[in-house]
Amino acid sequence: MTNPTTTAPAGAGTAGGPPAARPSVEFTHRQILTILVGLMMGMFLAALDQTIMATATRTIADDLHGFNLQAWATTAFLITSTISTPLYGKLSDIYGRRGFFLFAIAIFIVGSFLCGLSQNMYELAAFRAVQGIGAGGLMSMALAIIGDIVPPRERARYQGYFLAVFGTASVLGPILGGFFAGADTLLWVSGWRWVFYLNVPIGIAAMIVVARVLHLPHHRVNHRIDWPGALTLIIGLVPLLTVAEQGREWGWSSGRSLACYVIGALGLIGFWLAERAYGEEALLPLRLFRNRTVAVGATSSSILGIAMFGGLLTVPLYLQIVKGSSATAAGLQMIPFVVGIMAGSITAGQLIARTGRYRIFPIIGSTLMAISLALFATIGADTPLWRTMLIMVVMGLGLGGNMQPMITAVQNAVSPREIGVATSSVTFFRSMGGTLGTAVFLSVLFNVLPGKISHAFDAAKGTPEFQQALQQHPDQAQILQSATAGGGDLSDTSWINKLSDVVAHPFKVGFSDGIQTVFLMALIIMLVGLVVVFFLPEIPLAQRSAQQQRADDILAAENSDGVPGEVGAGPLRDPGKHEA
């Protein structure tokens, strides 16, 4: 890749003239596109993994006899990706983005290969945790690099390329996930294991592309690494997220649950003390959150993550269990959601580029999210599929109009030297919300399902249609008796496919009623998020990229000190000061 365009003041470096100015960094459109190739490869890896898993989860869980343990695999992935995200942001601000982006891809490849070797749900959860360490850097690093090289006002110009990646992954993922999940064996290996093995060649190709094209100028700054903050963050989050998942089985007031509460609280207190002690060197500098844009962005992203992950994880389950869709069909039926995200994001991006205003889009997006969750809370076992798919479009429009504008707002409101930590902070809080939402909502779902299913069967037993169906199929009556003991066998749901529609209908009604509870909870949380985004300030979008602004800071420091400057010298540019 050619070097970025450089400029220097006339007479710089001549005898008797001012000190030689370091070049400012400007990227041509072609150079930005070249860098985007590497970023898109990494993001494609993460996006494809998410869409494949969404349709293959049920098959994997049934094969490993752990449908009711599937939250462990999801939660383990989200815990490690959440915790690693701020580390990537902080370390890449210090040492540069390229090495950490390559490291993230490499760890993701290793974790994917190990996931394919899993023999039970606990092993899968452990290996998904490894995979999550890599995933934590794929998205946050790509967003930070875009913040480095593209001015906020122009980011919509390149937004379509990322949307093309997500759109392609969202179409290919369900098809590949369904194909692999539906194949008993493929090359003498269980079909679903290729869901993970597929990441290996794609990841290797991504590493090669990134190593060749991603060359960004970086000025090394010596900083302390906030390892105490990272350690206390782990101590604080892991027990709390674990009890959120296991509390229903342990008992919320059991000894193990109480121990998790205490350890988690102590860890979070320790994290706060560590961040205070490290000041500007902190993993998540507390000063950042005095910036109203960052504070609103982090809070609303947490709430959005809870509502988004908690709600969306149940939709593929609804399509497969209630509507009887195959894994492939369920994935394809989620395409309206993807179309909504792309339409919302493209519309918001183009309007931001033209008007320079972004505040209205998170407000509209949060409103659409709340409306979609309210509508999802009304779907039942007999709801037409087309109605569910229309609701997906509304939710997609809400997410598309919310996520990218919020990232743009936060990146625009901080010093260019803090693009990485600010971006990763928003991503961290969104992932944190997603982790919490996944753990809590799936726990609530599996906690209410037995009662909902039992109630639905009790109501059906008195109907002539149900009694006649049992008399005609005595073998199904035996399956039903053993499977629904205690409210339903949720470790393996494949038995539903052996029942006639009339006999299986009460189970589907109970499952739908349980999902409605989840969406009602998500709606209440999203309404709080809607209130929060009204506090987002509107700051004029910068016309220069973070790389260009850093070069200006270096030049200003050199001119004021009379000696060559370095990144970190001189006063910190903080666009947030305009918020007063």
**Request:** Pop the C-beta distance of residue 455 and residue 355 into the FRET formula with R0 = 45 Å and round what comes out to the nearest 0.05.
**Result:** 0.30
**Request:** Can you bin the stretch 227-282 into rounded, prolate or oblate? Criterion: square roots of the alpha carbon gyration tensor eigenvalues sorted a ≥ b ≥ c, rounded for a/c under 1.5, prolate for a/b above b/c, oblate for the rest.
**Result:** prolate
**Message:** Sorting check: for 448-457, 34-43, 136-145, which peptide has the highest mean count of neighbouring beta carbons within 10 Å, and how do the rest follow?
**Reply:** 136-145, 34-43, 448-457
**Prompt:** If we sort 398-405, 465-472 on the protection proxy, mean other Cβ atoms within 10 Å, highest first, what's the order?
**Reply:** 398-405, 465-472
**Request:** Starting from the Cα-Cα distance between residue 468 and residue 65, subtract it from 0.36 nm times their residue separation and give me the gain in nm to one decimal.
**Result:** 141.9 nm
**Complete:** Computed from the beta carbon distance with a Förster radius of 30 Å, FRET efficiency for residue 187 and residue 215 to the nearest 0.05 stands at 0.20
**Asked** If we count other beta carbons within 10 Å of each Cβ, what is the order of 383, 355, fewest first?
**Response** 355, 383
**Fill in**
Between residue 122 and residue 252, Cβ-based FRET efficiency (R0 25 Å, step 0.05) works out to 0.65
**Message:** Once you order the gyration tensor axes a ≥ b ≥ c over the Cα atoms, which shape class does the stretch 277-394 get: rounded for a/c under 1.5, otherwise prolate or oblate by comparing a/b with b/c?
**Reply:** prolate
**Prompt:** Once you put a point 7 Å from the Cα of residue 172 and another 7 Å from the Cα of residue 276, both along the Cβ direction, what distance in nm separates them?
**Reply:** 5.0 nm
**Prompt:** When the Cα centres of the stretch 340-405 and the stretch 42-120 are compared, how far apart do they sit, in Å?
**Reply:** 26 Å
**Message:** How would the stretch 252-344 be classified by its alpha-carbon gyration tensor: rounded, prolate or oblate, with rounded meaning a/c under 1.5 and the a/b versus b/c comparison settling the rest?
**Reply:** oblate
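Coordinate-derived values only; no laboratory data. Everything quoted here is computed from the prediction, not taken from an experiment. Heads up, the Cβs are rebuilt from the backbone with ideal geometry, glycines too, and the neighbour counts pull from every protein chain shown.
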